[in-house]
Amino acid sequence: MERLVDLETLIQKGKMKVPYKHRVILLVYLDGEVFAIDDKCPHMSASLFPGKIEGDVIYCKDHSLGISLKTGEVANQNQADFMRLDEYSRSVKKYPIIVKDGVVFLK
Ligand code: FES
């Protein structure tokens, strides 16, 4: 398991970017759950971190592609169709998370 951040810190901030190997993981605390996805929009690689969260979907600030925090899949397929994203560009990597003793770990 890889230690990412103290849960209390994430709760206070709501969302955080955490470097992991050669990637950046976006951590989001939402309704008592922690979600972790790549902080990289599948459209043109913008950071998802500044995006607006509605329900369990984060919307990229650049062109409003929505990514489900629960699945990492594109949530608004019509936008993906409009952008002509291929099937490989309709999701981001989702990471399994464990919270133990007040610390968020990557499984
Ligand atoms: S870069 Fe995210 S929607 Fe275009």
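The values are calculated or read from the model by the stated rules, or taken from the named source; none is laboratory data. None of these values were measured; they are calculated from a predicted model. Backbone-built Cβ (ideal geometry, glycine too); neighbour counts: all protein chains shown.
Of note:
- Taking the criterion of being within 21 Å of Gly32 (Cβ to Cβ) and within 10 Å of the ligand (Cβ to nearest atom), the only residue of region 59-84 that qualifies is Ile67.
- Residues satisfying the stated conditions in region 92-107, i.e. at pLDDT 95 or above, surrounded by fewer than 17 Cβ atoms within 10 Å (Cβ to Cβ) and part of a loop (DSSP other than H, G, I, E, B): Lys93, Pro96, Asp101, Gly102
- Members of region 56-91 found to be surrounded by fewer than 20 Cβ atoms within 10 Å (Cβ to Cβ), in contact (Cβ under 8 Å) with a residue 24 or more places away in the chain and assigned to a loop (DSSP other than H, G, I, E, B), listed by number: Asp56, Lys70, Gly72, Met83, Leu85, Arg90
- Region 1-55 - residue that is within 13 Å of the ligand (Cβ to nearest atom) and without any contact (Cβ under 8 Å) to a residue 24 or more places away in the chain and, of those, farthest from the chain's Cα centre (by Cα): Met44
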